[in-house]
Amino acid sequence: MNIDEFKILWQAESAVFQRVDIGEIRRMTKSKATDALSQFSRNILLDIGFLLMFLLVGFVAVLFTQNVLIDWIVLISAIVFIPFFYMFLQRYFYIKNIKLQSESLYNVLNGVIENLSQYTTIYFRAAMILTLIVGPLGVAIGFFNEEMNNPFVQMVQNYPASFLLALSCGLVVIIVGNYFFTRWYLKKLYGNYIEELKACLDELDDLVQLQ
Amino acid sequence: MKEERLEKEFLTLADTHQGIIHKVCRMYCDNETDRKDLFQDILIQLWRAFPSFKGQSKFTTWAYRVAINTAISNYRKQKRRPRLDGLNGEELQIPDYSNFSFEQEEQTQLLHRAINKLTKIEKAIIMLYLEEHSYEEIAAIIGITKTNVGVKINRIKIKLKSILKR
């Protein structure tokens, strides 16, 4: 059977779908988009919001406490997060500027894959740095803060070697755990999607290589 | 005022050519909920992009480009909750073939079953081919050369033939 024989039937099929009325079309155009690119840009905005909130809470803590360690944590976090903030913003605007109406499918796939891969790398690095900085510094605040005269701190002061060992083990577990958790999370969130898009792009690339 | 005129123009075009969106949704979605979501997402993308549509190409070609780009770059998780703000369930059902003869309906279903076995890219190309878009238009939408379109269409035809034979 030749596929061309189906052409007339295929074209006639446009008329057999139950039509959506204009009022419904109008309502749908005003709704929130749920497509992958819109969700992706919303996720980046959430990340940017999280970074800003983290810094805001930090600055409030600096203003209302007189702890030098907190000042250092906020300062270091701010220095570390500024490049990430810039990179997230860059990804956001790049995704926003992917033009589904004028770009070819090949360019759209290329753009989305490239951005998504870069975004996951940036996200992973930001998550790891956050753990590496905030974890140890948070413990240091508790340890060196003389005002925190609670039984736990006293126990730590009585057995410093055991505490250091437990602390080191705890930090290693947190850092390694966070490493695997972030990898798993990113793979779950975007891994299959990137793989699916890559398969489409590979199919087009195979054709291009024929020439 | 200008916005209203633009909206009216868009709604008329979208209403006239909604068959394109239905076909793309049917091609890329297995279930009703996903079809509804994709229908809405394509409409939103078309509406957002409409101010930049300057009539340099046919509306149908432009709409196919947006619809295919949206459908292929989209990703749906397998398990998802039904959306509450979608259509009310009466619309966007499987086509009503009452105007088709039994044989025509059977052939169409056969074609869809065969097309379902193709990859996403193959589906896009064969859909544009069946809609009688020129190789040049298909090449521009997909982003490959005219020669590659020809090669790919021949391969898809062979693949479909073997699927239909089974």
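Since every read-out is calculated from the coordinates, none of them should be taken as a lab result. Keep in mind that what you see is a predicted model, and the values were worked out from it rather than measured. Here the Cβ is made from the backbone with ideal geometry for all residues, glycine too, and neighbour counts use every protein chain on show.
What to note about this one:
- Lys/Arg +1, Asp/Glu -1 at C-beta; the stretch B:101-166 dipole; positive extreme among B:Tyr129, B:Ser162, B:Leu111: B:Ser162
- Total charge dipole magnitude, the stretch B:101-166, about the Cα centre, Cβ charges on Lys, Arg, Asp, Glu only, Debye to nearest 20: 560
- Taking the longest Cα principal axis of chain A as reference, the axis of helix A:36-64 is set at about 20 degrees.
- Annotation: peptides A:163-171, A:44-52, B:146-154, ranked by per-residue average of other Cβ atoms within 10 Å with the highest first, follow the order B:146-154, A:44-52, A:163-171.
- P(r) histogram, all alpha-carbon pairs of the stretch A:27-74 included - 10 Å bins from 0, percent: 23, 29, 20, 16, 10, 2
- Mean residue ellipticity at 222 nm, helices only, chain A: -27000 deg cm²/dmol; runs of at least 4 DSSP H residues each add -39,500 (n - 2.57), and the sum is divided by the number of residues.
- Per-residue Cβ neighbour rank within 10 angstrom, fewest leading, A:Met128, A:Met28, A:Met87: A:Met128, A:Met87, A:Met28
- Taking the stretch A:11-120 and dividing mean pair separation by its residue count, relative contact order in percent (alpha carbons under 8 Å, at least six apart): 25
- Hits among lysines - C-alpha to C-alpha of B:Lys146 under 21 Å, sequence gap 8 or more where chains match: A:Lys7, B:Lys58, B:Lys120, B:Lys123, B:Lys157, B:Lys159
- The mean number of partner chain beta-carbon atoms within 10 angstrom of a residue's beta-carbon across peptide A:195-206 is 3.
- The three principal axes of the Cα atoms in the stretch B:1-75 give end-to-end lengths of 39, 22, 20 Å, sorted in falling order.
- Where only C-alpha atoms are counted, convex hull volume of the stretch B:101-166 per residue in Å³: 77
- Dimensionless Rg/Rh of the protein assembly as shown - Kirkwood Rh, Rg from C-alpha atoms: 1.12
- Across every pair of non-identical alpha carbons in the stretch A:4-140, the mean reciprocal distance, once inverted, gives a Kirkwood radius of 18.9 Å.
- Inter-chain Cβ neighbour count for B:141-150, averaged per residue, equals 4 (cutoff 10 Å, partner chain atoms only).
- Candidate cross-link partners of A:Lys32 among the lysines, defined by an alpha-carbon separation under 17 Å and a same-chain spacing of 8 or more, comprise A:Lys96, B:Lys36.
- Estimated distance in nm for a label pair at B:Thr12 and A:Lys187, the labels positioned 7 Å out from Cα along Cα-to-Cβ: 5.5
- Sequence of A:Asp206, B:Asp37 once ranked by neighbouring C-beta atoms within 10 Å, starting from the fewest: A:Asp206, B:Asp37
- Charge dipole of the protein assembly as shown about the Cα centre (unit charges at C-beta), most positive-ward option of A:Ala199, A:Leu164, A:Asn97: A:Ala199
- Selected from A:Gln39, A:Tyr190, A:Leu9, residue furthest toward positive end of dipole (chain A; charges at beta carbon): A:Gln39
- Taken about its Cα centre, the protein assembly as shown carries a charge dipole of about 420 debye when Lys and Arg each add +1 at the Cβ and Asp and Glu each add -1 at the Cβ.
- Debye, to nearest 20: dipole size of chain A, +1 on Lys, Arg Cβ, -1 on Asp, Glu Cβ: 540
- Taking the C-alpha atoms only, the angle from helix A:105-144 to the longest principal axis of chain A is near 10 degrees.
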